[in-house]
Amino acid sequence: MTRATLTLVLLLGSAAAALAQQATDAVAPEAATETATPADSFGPLTDAARAALAAKAEGKAVTGQNWMITAANPLAVEAGAKVLAAGGSAADAMIAVQAVLGLVEPQSSGLGGGAFLVWYDAETGELTTLDGRETAPLAATPTLFLKDDGQPMEFMEAVVGGRSVGIPGTPALLEAAHRRWGKANWSGLFDDAIRLAEGGFTVSPRLAGLVAEEGDALQTEAATTAYFFPGGQGVAAGATLTNPAYAATLRKLASEGADGFYQGAVAEGIVAAVRGAKNPGLLSMQDLAAYRVIERPAVCVEYRAHDVCGMGPPSSGGLTVGQILGMLGGYDLAALGAENPESWRLIGDASRLAFADRGRFMADSDHVPMPTEGLIDPAYLAERGKLLSGDDSLPEVSAGAPGWSHAALWGQDTSLELPSTTHISIVDGDGNALSMTTTIENGFGSRVMTGGFLLNNELTDFSFETHDAAGWPIANALAPGKRPRSSMAPTIVMKDGKPAMVIGSPGGSRIIGYVARAIIAHLDWGMDIQAAVAAPNILNRFGPMDVEAGLPAALTEGLTAMGFTLNETDLTSGLQGIVIGPEGLSGGADPRREGIALGG
Ligand code: GLY
């Protein structure tokens, strides 16, 4: 390495560390952790759903022989379970779940957002992924989030309103998944969501709590205010809420397919809402009509004789989870155990190294050169893993050199993805497996509502700045038609060519740490799926070590003695997981949120 290159690497490393620290401090507080939400909170539920809530409260996995589904709200899981029990495919069930989630968990995902889906096909034995990521309008320019003086906007100033809205991808992804893998009649998959939207659903404690927490911040747009604050009061837990506008949108989607969303009255409503919002955006009818789902190969990394497979660019999720695990391959985490500070030193510093690469190299590879193969090359990860061989936290961390390309010239990006989002894991009766993480980005997205659903603020997942402090261009800078970098990490873990675990989580850029540690909890520490999703969250995104309250003193003191700064905070993962074992299927739902697993 020349002296100039070395200086550059050090500069990039320390600038990134400082900015990442700043970024970590800026993370909005998440909602209070859910523990054992009473079954009555969701209105009438089936006996199976009530039993699943009880199992979760007792820390027990749900079992099944033919199919399994887990998602963030019991009403949505019931809709999907009904489809699976009737012989529908995992893709069919996902559509029913997404339609209900858009109603009962509208702050996290919906028709106005985007999603990534990983699919294992039991007939062909192949894995593939669908990229339904939101996309920048053609009129958007790299300076969209810069103020007149060239400085980046405050994050929430950019989020709220039409400016941050990307072209939604979720409706097109639902249709693309159904075309490829659907068995059930398309239009019938929206029946439960339409019934609940018209007849009313019970507002959950989490939704009511988040509306109350938002308060005035959720009342910047008339349609949003009218829906979430009927009569001037925020919707209350246990209240019955109807959403006829959402039912009407679903009916169009059901009868006309995705064209009923991307063209005609629904599309006109989206464009009018974005352009008429207080902070107007640039989305056009042409943008909506041109939206396309992209099928991409899964990215896979070997770990403990399994292949951990997930979503490649424009998500950083699969690559960064893969990097963390790939670097840990040479360390015996099983022997060290889950409560050993040494295990978490290794995981924490592997994450720091992976996040350094993520910040520099990862973006939409259809628009910028990216060393995708090099980032998960086993030889590169083994070399990076050797950096972990000491006893203490690494004093300095910077991006590596994962294969030469123009990507070596990218600067460090510190843009954030804040926690909202939701995850769906499904195995169907034919043995197909589906892992889908779906989002509108921030909690309540852009806060702009039309057609009964919220529009995303996904464009704020781009870097606001076009160049880093050292003047290097940022790979994840905004460009027309580009997809913002994501952290979503829908994952299927394969063993001998068959799925062994389906897993994913919401949580912004913390998704990566949640998913990696759930896989380690199961594969290294032998936890069953409910224990693996419920296990304590400890993670590092290139700054302090984020830890949940209540960890054993020996663990926190050990980490501090190794040189880590601990940041005790709520870490509201929403891991939804399935393990496919010789005895059948088992499902787990994160106790920090309201979801359940149901099996049959
Ligand atoms: N907006 C969350 C993510 O894509 O990671």
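Please treat every number below as a calculation from the coordinates, not as lab data. Predicted, not measured: the structure shown is a model, and the values here were computed from it. In this analysis, Cβ positions are derived from the backbone assuming ideal geometry, glycine residues included, and neighbour counts consider all displayed protein chains.
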Legend entry - Cβ crowding within 10 Å averaged over residues, with 272-280, 168-176 ranked highest first: 168-176, 272-280
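Using +1 on the beta carbon of Lys and Arg, -1 on that of Asp and Glu, and nothing else charged, what's the dipole of the chain about the Cα centre, debye to 20?
Values: 37 positive and 66 negative charges, 140 e Å.
The calculation lands at about 680 debye.
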Legend entry - Amide hydrogen neighbours beyond the local backbone of residue 89, cut-off 5 Å, H modeled: 183, 184
Inset, instruction - Using a/c under 1.5 as the rounded threshold, could you call the stretch 174-277 rounded, prolate or oblate? The axes a ≥ b ≥ c are square roots of the C-alpha gyration tensor eigenvalues, and prolate needs a/b larger than b/c, oblate otherwise. - result: oblate
Legend entry - Relative packing of peptides 555-567, 344-356 - highest average C-beta neighbours within 10 Å first: 344-356, 555-567
Inset, instruction - Place the peptides 128-138, 571-581 in order of packing, highest mean first, counting for every residue the other Cβ atoms within 10 Å and averaging per peptide. - result: 571-581, 128-138
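Using a simple charge model, +1 on the beta-carbon of Lys and Arg, -1 on the beta-carbon of Asp and Glu, nothing else, what dipole does the stretch 149-235 show about its Cα centre, in debye to the nearest 20?
Values: 6 positive and 11 negative charges, 127 e Å.
Magnitude of the dipole: close to 600 debye.
Ranking 164, 586 by Cβ neighbours within 10 Å, fewest first, what do you get? Working shown, then result.
Details: 164 33, 586 21.
The most exposed by this proxy come first: 586, 164.
Give the Kirkwood hydrodynamic radius (Å, one decimal) of the stretch 274-361, defined as one over the mean of 1/r across all pairs of different Cα atoms. If you can, show how the numbers build up before the last one.
Values: mean 1/r = 0.0624 Å⁻¹.
Radius from the Kirkwood sum: 16.0 Å.
At 222 nm, what value in deg cm²/dmol follows for the chain if DSSP H runs of at least 4 each add -39500 (n - 2.57) and the sum is divided by all its residues, to the nearest 500?
Numbers: 21 runs with 217 residues, N = 600.
Value at 222 nm, helices only: -10500 deg cm²/dmol.
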Legend entry - Long-range amide H partners of residue 316 with built H, under 5 Å: 486, 487, 488
Inset, instruction - Describe numerically, in nm with one decimal, the distance between label points set 7 Å from Cα along Cα→Cβ at residue 268 and at residue 467. - result: 4.5
Inset, instruction - Apply the Karplus parameterisation 6.51 cos²θ - 1.76 cosθ + 1.60, with θ equal to phi minus 60°, to every residue of the stretch 575-586 and state each ³J(HN,Hα) to the nearest whole Hz, in sequence, with x for glycine and proline. - result: 5, 10, x, 9, 10, 10, x, x, 8, x, 9, 9
